[in-house]
């Protein structure tokens with residue numbers, strides 16, 4: 001028999017690559033009494049929780065309602081709203097092969113189990129934003145942040161992640177900038193490429209700044225986080241050479257080593273010599289992270305990044321679930337108001353700016369993040385097995401990150417309000433001592449707050465730190481809140497252990513995003529330079545990889561050092577720029593998605609990307625205009641720049657919180673950088689949004705350019721769409737298992 005006949009016979013006997021569309025539709029639309037009761041209970045519990053949060057007013061509120069409101073809303077959104085998007089916008093077809101299948105090369109393109117890929121994707125997107133943003137937003141009270149985190153992710157953040165992932169997958173895994181160039185033309189595409197590269201520099205710098213602030217002057221934290229690097233290297237070598245494929249073994253070993261690192265950190269912090277060795281200034285930590293960022297981005301993925309991703313995902317999801325369970329069991333009471341004393345103004349001790357638009361950009365990744373669009377058009381679309389899995393990975397992964405944000409907000413609100421403001425105000429404002437910090441907080445006019453120096457000293461002693469004053473960046477505040485909640489659950493006198501466990505958890509959380517961000521930025525720069533020098537498109541070319549990595553690390557490293565040396569607190573002044581630039585990038589991503597959807601024939605349902613695009617554009621453009629043109633020096637970069645320039649010209653040696661001419665010059669330098677970047681980012685975003693609108697209008701008129709979607713290739717593998725297979729998927733899996741068992745060269749099925 002000929003080879004062609006054999007191949008045709010094999011194809012005729014092979015089970016289908018997707019479940020029958022009609023069977024799938026019947027399964028989804030079949031409502032049993034049990035389903036009705038379950039979803040009715042979910043909706044009722046969610047309604048009660050939202051009523052308690054938004055309508056009931058008392059001196060306190062129980063944290064358990066935040067958990068119930070978020071979980072119930074996310075379950076309903078994933079079950080129902082994603083099906084609307086799937087049916088009317090993405091229209092996935094599992095009979096089509098994904099790039100992971102038809103371009104499989106064992107390196108960049110490889111079909112990856114949906115559960116493993118969900119973990120990798122979540123590890124890459126979950127950075128500082130869902131931890132830091134909600135903590136800083138707690139300045140405004142609990143209600144605005146809670147509403148934006150939950151509603152924002154359902155209608156904006158998760159929609160963006162899902163659409164970008166799906167559209168990139170349909171285009172051979174192309175990056176966001178390259179998709180813009182293909183769909184919007186040269187002008188819009190060039191603006192998108194420049195915006196993504198520049199904004200990535202800011203995003204990674206702020207992620208690293210949060211780590212610096214968390215580890216500054218903390219020998220326990222520096223040692224414990226530092227030990228995760230040799231642990232990850234050992235895990236990589238173990239899985240590749242010593243015990244290939246033994247994931248369960250190395251998971252247990254890695255967890256034991258992590259716990260040992262935390263416990264040993266306590267001993268190090270109390271040792272007279274080692275404590276001094278591991279007590280590092282923040283500038284030193286910043287340089288160490290810069291060096292680490294370069295090395296991590298050029299090392300083989302299997303040696304450091306892959307085990308770190310796996311280890312950090314295990315820690316991330318485990319810790320957040322543990323915190324959620326603890327909140328349900330302990331039921332901590334929040335004394336923060338729904339709207340704080342600072343919600344109606346534009347100045348505050350943690351960050352300056354009015355509630356609208358700055359709360360929406362401060363929360364950042366917990367609700368909507370442009371950084372996610374870079375990951376969703378980076379490594380993830382090259383690894384997806386089946387098209388219908390993008391719903392789980394894209395939309396579901398973002399819901400998980402939003403749940404992290406809700407837990408961070410609750411943890412921040414659970415601690416004493418006075419201690420919260422003492423921790424998050426700049427050192428120049430608090431004075432750095434318990435006495436001056438207490439006086440500063442008591443002078444803010446907070447209702448029911450009477451902070452004492454003794455309370456600050458006792459808090460520092462309970463977590464094993466010399467001081468908790470002006471530990472800006474959000475991470476220490478979240479660690480304290482988590483430690484206090486876990487202490488109530490365990491009653492074990494282990495507050496310091498839980499605090500440093502949380503610090504290590506956060507540093508792992510964020511460093512993973514620094515790793516991924518630097519590597520994705522390098523890929524984007526190589527892709528962009530490849531338009532001029534084609535050799536740069538070869539990601540295996542070592543010289544090109546090292547040069548592009550050095551350029552991107554140098555960019556975010558310079559911004560990081562500016563933030564570390566900023567007299568106004570670094571994170572307090574740079575985080576608004578991070579939030580604005582991050583959501584300008586989200587607006588760019590949504591604009592590209594809207595143009596692609598229109599070219600794909602979407603008309604009536606084009607509002608799904610258009611509505612969040614409109615909101616993100618209004619918020620970020622308004623925020624940018626405030627930061628550029630506001631005459632209030634506490635808000636406007638150029639107004640603040642002018643005040644300090646005038647003070648230096650007048651021969652003053654201090655101005656506001658800058659207590660020396662050197663500090664005043666640093667403010668001038670930093671605000672110049674911030675103001676300039678704000679103008680550039682705004683201009684690029686407006687160009688891309690306008691190009692997208694022009695593309696949509698031309699498409700609707702029937703004169704637009706064709707879509708750059710790749711031609712369909714028939715799929716020859718099968719895998720379920722969700723974490724758990726449906727009955728129809730189980731039946732098809734059994735047919736594939738029987739078919740594979742009769743062949744000497746089995747076809748992949750899961």
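Values in this text are rule-based calculations from the coordinates and carry no lab data. If you're wondering where the values come from, they're calculated on a predicted model, not measured in any experiment. We place every Cβ from the backbone using ideal geometry, glycine too, and count neighbours over all the protein chains shown.
Approximating the spin labels as points 7 Å out from Cα along Cα→Cβ, the residue 271-to-residue 491 distance works out to 3.6 nm. Annotation for residue 454 and residue 252: the two label points, set 7 Å from Cα along the Cα-Cβ direction, are 5.0 nm apart.
Taking 0.36 nm per residue of separation and subtracting the Cα-Cα distance, full extension of the segment from residue 102 to residue 55 would add 11.6 nm.
Within region 448-584, the percentage of alpha carbon pairs spaced more than 21 angstrom apart rounds to 60%.
Please arrange 72, 593 by how many other C-beta atoms lie within 10 Å of their C-beta, fewest to most. Please list the in-between numbers first.
On the way: 72 21, 593 28.
Ranked by crowding around the Cβ, least crowded first: 72, 593.
Between residue 703 and residue 629, the modelled labels are 3.3 nm apart [label points 7 Å from Cα along Cα→Cβ]. Over the residues of the chain, the helix contribution to mean residue ellipticity at 222 nm works out to -22000 deg cm²/dmol, using -39500 (n - 2.57) for each DSSP H run of at least 4.
Cβ-Cβ distance of residue 565 and residue 295, R₀ of 22 Å, FRET efficiency by 1/(1 + (r/R0)^6): the value works out to about 0.40.
So what's the angle, to the nearest 10 degrees on a 0 to 90 scale, between helix 64-76 and the longest Cα principal axis of the chain? Taking Cα atoms only, the helix is inclined about 20 degrees.
Arranged by the count of other C-beta atoms within 10 angstrom, fewest first, what order do 638, 287 take? Kindly include the intermediate steps, with their values, before the conclusion.
Details: 638 20, 287 16.
Going from least to most buried by this count: 287, 638.
Remark: relative contact order (the chain) = 24 percent; criterion is Cα-Cα distance under 8 angstrom and separation of 6 or more residues. For region 309-378 and region 600-657, what is the separation of their C-alpha centers, rounded to whole Å? Cα centroid to Cα centroid, the span is 21 Å. The fewest-to-most ranking of 171, 698 by surrounding Cβ atoms within 10 Å reads 698, 171. Given R0 = 41 Å, the distance between the Cβ atoms of residue 110 and residue 87 translates into a calculated FRET efficiency of 0.90.
Kindly rank 196-206, 438-448, 474-484 from highest to lowest mean number of other beta carbons found within 10 Å of each residue. Spell out each step's value before the answer.
Details: 196-206: 25.3, 438-448: 15.5, 474-484: 27.2.
Order by mean packing, descending: 474-484, 196-206, 438-448.
Principal-axis analysis of the Cα atoms of the chain puts helix 114-125 at an angle of about 30° to the longest axis. The stretch between residue 540 and residue 679 holds 46.5 nm of extra length on full extension. This uses 0.36 nm per residue minus the Cα-Cα distance.
When N is the residue count of the chain, what does its C-alpha Rg come to as a fraction of 2.2 N^0.38 Å? If you can, show how the numbers build up before the last one.
Numbers: Rg = 25.8 Å, N = 750, 2.2 N^0.38 = 27.2 Å.
Normalised by 2.2 N^0.38 Å, the Cα Rg of the chain equals 0.95.
Calculate how steeply helix 33-54 sits against the longest principal axis of the alpha-carbon atoms of the chain, using the helix alpha-carbon long axis, and give the answer as 0 to 90 degrees to the nearest 10. The angle comes out near 20 degrees.
A quarter of the convex hull surface defined by the alpha-carbon atoms of region 591-750 gives 17.6 nm² as the mean projection.
Among 183-191, 217-225, 370-378, 557-565, what's the highest-first ranking by average C-beta atoms within 10 angstrom per residue? Can you show the working numbers first?
Details: 183-191: 20.0, 217-225: 25.2, 370-378: 28.8, 557-565: 21.6.
Sorting 183-191, 217-225, 370-378, 557-565 by mean packing, highest first, produces 370-378, 217-225, 557-565, 183-191.
Pulled fully out, how much extra length does the chain show between residue 435 and residue 38, if you take 0.36 nm times their separation in residues and subtract their Cα-Cα distance? Working shown, then result.
Details: separation 397, 0.36 × 397 = 142.92 nm, distance 5.43 nm.
Extending this stretch completely gives an extra 137.5 nm.
With a cut-off of 19 Å, note down the residues of region 662-684 whose backbone N falls inside the zone around a label point 7 Å from the Cα of residue 531 toward its beta carbon. The answer is 680-684.
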